[in-house]
Amino acid sequence: MWVGDFSMSFRLRAVRAFALLAGFFLMGAVLLSAMAVLDWLLMTRLFTARAAWAEGTILTVTVLLAAAIVRGMFAFLRAGRLGPVPDAVAVTPQDQPELWEQVRVAAEVTGQRPPDELYLVAEVNAGVAEQSRLLGLLPGRRRMLLGLPLLAGLTVPQLRAVLAHEFGHYANLDTRLGGVTMRGREAVVHTVEAFQKGSTRLHYVLGALYVGYARMFLRTSQSVARHQEFAADQIAARHAGREATAAALRILPVLDGAYTHYLETYAAMGRPLGALPPVGEVHGGFLRLLAARTGERLAELSAGRRPPRPHRYDSHPPTAERIALIEKLSADDRPSEPAGGPTGLSLLHDPGRVFAALEARTLSQEAAHLRRTSWDDLAMARAVADAEGWSRPLRVAVARALRSSAQGAEGTVPARRDATAEEVAGDSDLLPGLEEILDAFDRGLLWMDIADRMPKPHQASRLVGPSARNFIRPKIFDGLAGMVHLRLAESGHATPDIAWSGRPGLFLPESWEEGMDDAIDAAIADTPDTAPLRALLVGPHGVPS
């Protein structure tokens, strides 16, 4: 199957792109002319002396509408240019000769000239752009973006396939027409947004016209973009090998899911605490996760993320469809790729320095001034903060229940009500410890009073009996577990577990790992039994307060 089976001729695509743009400008010119004629009729033929007061209002509205249309037209002239890339590291051939050599080889085998600029970005992605001239008729300055996490997760043969794919876009002149299409898309969207900000019914009517045109523009241009992806895949398979190209497509969603998990779970772990991992590790820590997880464990991180449903506005075809088409190609004579080969990151000199440079360009000014600490210290601090958060609602509820019980014994019984989130956050003094909480459970206060004082949504406050207990029981479990974690962390019996192969938390002593859940379940049963949990507390790792 040849590239020509997928890609339309450059001439046909150019005609379609210019037709879409011509339609946009023609619609604007017609609307501007119609508004000019309407204003002339209103002012010269329809206005009377009594209605002259409305002239200024109508002129104001039409001027605003005309301004929105003209701004959209000029947005086309401003859009699509190769501006600066602030969240990226510029890489020169002198900085990274081995990476540039791979780029040059990909350019040579596809018959293209190398890019003028190469940037490394913090994404699992790659892309190319071109500052074409005369609306795409003449070539111009070229730019390539490569994701540093992408280099970390792809083998060198897979990276070659990605590079060949990107140069396939240059070869098919996608980037030259892409600039024209992008300009048109941005101009249409800019005009739609301008009309959406209007307050008159005429704004709404004209905006609806542009929304309809925008939908047609996107459907048409994105359909072309999907064909371009298929064509670029064919070029990649031809020059980098069918197996390497298919393997790169398979690993991309896995890497994307893993990197998203890394950013959410690890890189941002210390943000609530005002801390960041060591310099270069905000993005560079992803290497630790990749090293700790096998291919299957990596795939688990993206298994729970549903792939987006195909949409007519998608710019890329479904990955499974792309892989299926590549696998239909005739087998080539390239040897099978060895498992566990060097990654694209091996092409970089001093990757740690590159990760640090990328970090400096992607962090906000506020984040850049946060204190730096080790991964273990981050894991410990976050585990303690989480444990305090889990335990606080229970401790506040127990404190109020104990005060209520004491006042009731003295003959003064205050009205009982649920604790609000604001009250829980502000109640910080003299909260009970773990043993005091267990004592309150033994006195029968858990289901008589404490559970009712735990924060809950308004809808849940109507539950009674077993339904109410089953709703709040997990929160009480978390509260006791948080108290245990705090006790063990303060005594030094719990140590940080960064858990690159799982989730960060604490290493608990073996006796607690084996018996804690059952002991807490017994303590919060319908008939509480705190003995198992007390037995753990006085054991070798109990460290009672």
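What follows draws every value from the coordinates through simple rules; no lab data is involved. Computed from a prediction, not measured in an experiment: that's the story for all the values here. Heads up, the Cβs are rebuilt from the backbone with ideal geometry, glycines too, and the neighbour counts pull from every protein chain shown.
Starting with the highest mean, order 438-445, 370-377 by the number of other Cβ atoms within 10 Å, averaged over the residues of each peptide. Mind dumping the intermediate values first?
Details: 438-445: 18.0, 370-377: 14.6.
Highest-to-lowest ranking by the protection proxy: 438-445, 370-377.
Please label the shape of segment 375-537 as rounded, prolate or oblate, based on the square roots a ≥ b ≥ c of the eigenvalues of the alpha-carbon gyration tensor (a/c under 1.5 means rounded; beyond that, a/b larger than b/c means prolate, else oblate). Please list the in-between numbers first.
Numbers: a/c = 1.83, a/b = 1.67, b/c = 1.09.
Because a/c hits 1.5 or more and a/b exceeds b/c, segment 375-537 counts as prolate.
What is the gain in length, in nm to one decimal, between D332 and V105 on full extension, counting 0.36 nm per residue of separation less the C-alpha to C-alpha distance? Each step should come with its number before you reach the end.
Values: separation 227, 0.36 × 227 = 81.72 nm, distance 1.92 nm.
The D332-V105 span can extend by a further 79.8 nm.
Net charge near A440, counting Lys/Arg +1 and Asp/Glu -1 over other residues with Cβ under 13 Å of its Cβ? Mind showing how you got there, number by number?
Working: positive: R395, R400, R403, R443, R453; negative: E435, E436, D439, D442, D449.
Spelling it out: positives minus negatives among the neighbours equals 0.
Once fully extended, how much extra length lies between A299 and R503, figured as 0.36 nm per residue of separation less the alpha-carbon to alpha-carbon distance? Before the final figure, lay out the partial values.
Numbers: separation 204, 0.36 × 204 = 73.44 nm, distance 1.51 nm.
Answer, rounded to one decimal: 71.9 nm.
Cβ under 12 Å from M269's Cβ, M269 left aside: what net charge do those residues give with Lys, Arg +1 and Asp, Glu -1?
On the way: positive: R271, R382, R503; negative: E264, E281, D376, D377, D386.
My count for the surroundings of M269 gives -2.
Using mean Cβ contacts within 10 Å as the protection proxy, how do 94-107, 501-514 order, highest first?
Values: 94-107: 17.3, 501-514: 15.4.
Highest to lowest by the protection proxy: 94-107, 501-514.
Suppose each label sits 7 Å from its Cα in the direction of the beta carbon; what would the E490-R271 distance come out to in nanometres?
Label-label distance for E490 and R271, simple model: 3.0 nm.
Collect residues whose amide H, placed 1.01 Å from N in the peptide plane, falls under 5 Å from the amide H of R141; neighbours closer than 5 in sequence don't count.
For R141, whose amide H was placed from the backbone, the distant partners under 5 Å are Q131.
Lys and Arg at +1, Asp and Glu at -1: add these up for the other residues within a Cβ distance under 11 Å of P115 and post the number.
Values: positive: R104, R113, R141, R142, R143; negative: D116, E117, E130, E166.
Neighbour charge sum, excluding P115 itself: +1.
Give me the one-decimal nm value for the distance between modelled label points at A34 and A208, 7 Å along each residue's Cα-to-Cβ direction.
Each label point lies 7 Å from its Cα, and together they span 1.2 nm.
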